[in-house]
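Student: I am attaching a structure below and will ask some questions about it afterwards.
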Amino acid sequence: MFGKLTKLLIVATLMVAFALPGLAHAGTKDWPKTLKLGFIPTEGAADSAKRARPLAKKLEDLLGVKVEIFTASDYNGIITAMANKHIDIAYFGPKSYVEAAEKANAEALLLELNKQGQPGYTGIIIARKDSGIASMDQAKGKTFAFTDPNSTSGFLVPNVIFARDMKIDPKQYFKEVRFSGSHGASILAVKNGSIQVAATNNIDLDRMIEKGSASLEDFMILKKSDLIPGAPIAARKDLPASLKAAVAGALLQINDDPEALKILQNGGYAHTSDKNYDIIRYLKRLKKQLAKK
């Protein structure tokens, strides 16, 4: 990652450029007139679109371009949209980003910080507190939900935990395994009892608690993962370098915008690069290797 001085220089350069007459679009003739911003449905499409608005507004205000928000019913819809050049920028999860880097020419620009300023989050497996399920041993024979096949904390990480740490096959271990479609749906399904155990993460659980949709007292955390790299904001690699730099510089200013951070429910953003997601590639390889045993 770049240091704080580099970040400040990028932001300062952008602010000067946009403040001087005639420079707002200087050297930007290759920029699209409209930027299309995709958002994976971590909480469902409607809530994801709401959280995308501060990003869209910041880009419109500082870059002088129109921004359209694009959501899909699942993670693959955002990957496919970028592969077909229907979107220019996207908020991915780590695993969906790695898939998009392979299939859609995605390039990581920034990563999401948690509210403590850490560049990552933790995968968790939850049960309802009054369900009598207080451990993964007691989860055996219960109903279980993954989030989405392209989710990191909702699919990849729990599968590694099951195969590497517990030496189990979830299809054999649980009574039923299904996909909920979003972290919000998984959390609510456990809360209302339609699913007994689910994989999610601490950031999305915090978001549901902040919205008043759930309480920490509703859940028992059965398992925690190691720190996962923060969710990236990525651009199509073939976009102009000046545009990608401007996008990163503009979105870093959200770090000083309390109202935007309140809607985003995170701690802002920091520079990142593709290599920071090599750990996700390793986990994908490990999952395949373990599945063969």
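Student: Given 0.36 nm per residue, what is the gain on full extension from Ile279 to Asp130 after removing their alpha carbon distance, in nm?
Tutor: That works out to 50.1 nm of additional length.
Student: Quick one: 3J(HN,Hα) in Hz for the stretch 123-133, Karplus 6.51/-1.76/1.60 with θ = phi - 60°, rounded, Gly and Pro as x.
Tutor: Along the stretch 123-133, the couplings run x, 9, 10, 10, 9, 5, 4, 8, 7, x, 9 Hz.
Student: While we're here: For helix 183-192, what angle does its Cα long axis make with the longest principal axis of the chain, in degrees from 0 to 90 and rounded to 10?
Tutor: Once rounded, one gets 30 degrees.
Student: Could you tell me which of the pairs Lys57/Lys284; Lys171/Lys191; Lys95/Lys167 are separated by over 31 angstrom between their Cα atoms in the structure shown?
Tutor: From the list (Lys57/Lys284; Lys171/Lys191; Lys95/Lys167), the Cα-Cα distance tops 31 Å for Lys57/Lys284.
Student: For Ala46 paired with Lys29, estimate the spin-label separation in nm (one decimal), with each label point 7 Å from Cα along the Cα-to-Cβ line.
Tutor: My value for the distance between the label points is 4.6 nm.
Student: Considering only the other residues whose Cβ falls under 14 Å of the Cβ of Glu102, what net charge follows from Lys and Arg at +1 and Asp and Glu at -1?
Tutor: Summing Lys/Arg as +1 and Asp/Glu as -1 gives +3.
Student: What size of dipole, in debye to the nearest 20, comes out for the chain about its Cα centre when the only charges are +1 on Lys and Arg C-beta atoms and -1 on Asp and Glu C-beta atoms?
Tutor: Charge dipole of the chain: 780 debye, to the nearest 20.
Student: Can you run phi through the Karplus equation (6.51, -1.76, 1.60; θ = phi - 60°) for the stretch 273-289 and list ³J(HN,Hα) in whole Hz, with x for Gly and Pro?
Tutor: The phi angles translate into 8, 4, 5, 5, 9, 5, 4, 5, 4, 4, 5, 5, 5, 4, 4, 5, 5 Hz.
Student: If you average the C-alpha positions of the stretch 201-253 and of the stretch 113-153 separately, how far apart do those two centres end up, in angstrom?
Tutor: So the separation of the two Cα centres works out to 16 Å.
Student: Find how much the distance from Glu176 to Ala291 grows on full extension, using 0.36 nm per residue of separation minus their present alpha carbon separation; answer in nm with one decimal.
Tutor: Going from the current span to full extension adds 39.5 nm.
Student: Moving on. Ranked highest first by average number of other Cβ atoms within 10 Å, how do 155-163, 239-247 line up?
Tutor: The most tightly packed comes first, giving 155-163, 239-247.
Student: Kindly provide the helix-only [θ] at 222 nm of the chain, computed as the sum of -39,500 (n - 2.57) over DSSP H runs of four or more divided by all residues, to the nearest 500 deg cm²/dmol?
Tutor: Rounded to the nearest 500, it is -11500 deg cm²/dmol.
Student: Okay, next question. Please list, ordered by chain and number, the residues whose modelled amide H lies under 5 Å from the amide H of Ala270; skip anything fewer than 5 residues away on the same chain.
Tutor: Leu111, Leu113
Student: Tell me the net charge near Val247. Cut-off is 10 Å between Cβ atoms, Val247 excluded, with +1 for each Lys or Arg and -1 for each Asp or Glu.
Tutor: Its environment carries a net charge of +1.
Student: Nearest 10 degrees, 0 to 90: what angle lies between the long axis of helix 94-103 and the longest principal axis of the chain (Cα atoms)?
Tutor: So the inclination is approximately 60 degrees.
Student: Which cross-chain or sequence-distant (5 or more) residues have an amide H under 5 Å from the amide H of Phe70, H modelled 1.01 Å from N in plane?
Tutor: Residues meeting the amide H criterion: Leu37, Gly38, Phe39.
Student: For Ile203, what charge total do you get from the other residues with a beta carbon under 10 Å from its beta carbon, if Lys and Arg give +1 and Asp and Glu give -1?
Tutor: -1
Student: When you count, for each residue, the other Cβ atoms within 10 Å and take the mean per peptide, how do 278-289, 85-96 rank with the highest first?
Tutor: Result, highest mean Cβ count within 10 Å first: 85-96, 278-289.
Student: Tell me, what HN-Hα J-couplings in whole Hz come from the Karplus equation 6.51 cos²θ - 1.76 cosθ + 1.60 at θ = phi - 60° for each residue of the stretch 253-268, using x for Gly and Pro?
Tutor: For the stretch 253-268, the Karplus curve yields 6, 4, 4, 9, 10, x, 5, 5, 5, 5, 6, 6, 6, 9, x, x Hz.
Student: A follow-up question, please. If you build a Gaussian network model of the chain, linking Cα atoms that sit under 10 Å apart, which residue out of Ile40, Ile79, Ile228 swings the most?
Tutor: Ile228
Taken together, the values in this text are just the output of simple stated rules run on the coordinates, not laboratory data. All of these numbers come straight from a predicted model, not from anything done at the bench. In this analysis, Cβ positions are derived from the backbone assuming ideal geometry, glycine residues included, and neighbour counts consider all displayed protein chains.
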